[in-house]
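Asker: Dropping the structure in here first, questions after.
Derivation of every value follows stated rules applied to the coordinates shown; laboratory data play no part. Fair warning: this is a prediction, and the values are worked out from it, not measured in the lab. Because the Cβ atoms are built from the backbone with ideal geometry, glycine has one as well, and the counts that use them run over all protein chains shown.
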Amino acid sequence: MGNKLRGQITTEFDGEKINLTLSTNAICELEAVVDQQIHVFLERFEEVEKVRMKDLRLIFWALMLEERPKATLKDAGRLIDGLRGDHQRIMTDAIVAAFPEEDGEGGDRADGDAGAGAPGK
């Protein structure tokens, strides 16, 4: 089982358990690929019937990166296929865990402010 306090969602991939996490590093990788801030990219998922599969695959690719840094988009597609329709719940749980409400539930802070200066300061 994943660690919900760390924003981990556990599922199966290639016959093994994998913890899916929308970590800070995963978000940075995703933002670099789509050339958009994470909140702008996530707006694409507000209308479920209009979601493009390539965007869904990108989010799952990012979710895999913490445990599988060499994951590919094809790996993410296979992961989605293996979830057999449970991908929407898992994606939603992972996003909610990464961007908690003010009540303290979930993982990292949503505003992206870690309370520290620039790296090395």
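Asker: Quick query: amide H of Thr10 versus all other amide H atoms, modeled in the peptide plane; which residues come in under 5 Å with a sequence gap of 5 or more or a different chain?
Answerer: Gly2, Leu20
Asker: Beyond a 20 Å Cα-Cα separation, which of these cross-linked pairs lie in this structure: Lys54/Lys74; Lys17/Lys70; Lys17/Lys54? Walk me through the numbers before you get to the answer.
Answerer: Values: Lys54/Lys74 11 Å; Lys17/Lys70 16 Å; Lys17/Lys54 24 Å.
The answer is Lys17/Lys54.
Asker: Follow-up question, since we're still on this one. Stretch Asp35-Asp81 to full length: gain in nm at 0.36 nm per residue minus the Cα-Cα span? Mind dumping the intermediate values first?
Answerer: Numbers: separation 46, 0.36 × 46 = 16.56 nm, distance 2.62 nm.
Gain in length upon complete extension: 13.9 nm.
Asker: Mind giving me the FRET efficiency for Gln88 and Glu16? R0 is 30 Å, r the Cβ-Cβ distance, nearest 0.05 is fine.
Answerer: For Gln88 and Glu16, the calculated efficiency is 0.85.
Asker: Once you have a ≥ b ≥ c as the square roots of the Cα gyration tensor eigenvalues for segment 1-93, tell me rounded if a/c is under 1.5, and otherwise prolate or oblate according to whether a/b is larger than b/c.
Answerer: In terms of gyration-tensor shape, rounded.
Asker: Using θ = phi - 60° and the Karplus relation 6.51 cos²θ - 1.76 cosθ + 1.60, list the HN-Hα couplings for segment 90-96 in order, rounded to whole Hz, with x at every Gly or Pro.
Answerer: Whole-Hz 3J(HN,Hα) from phi for segment 90-96: 5, 4, 4, 4, 5, 5, 4.
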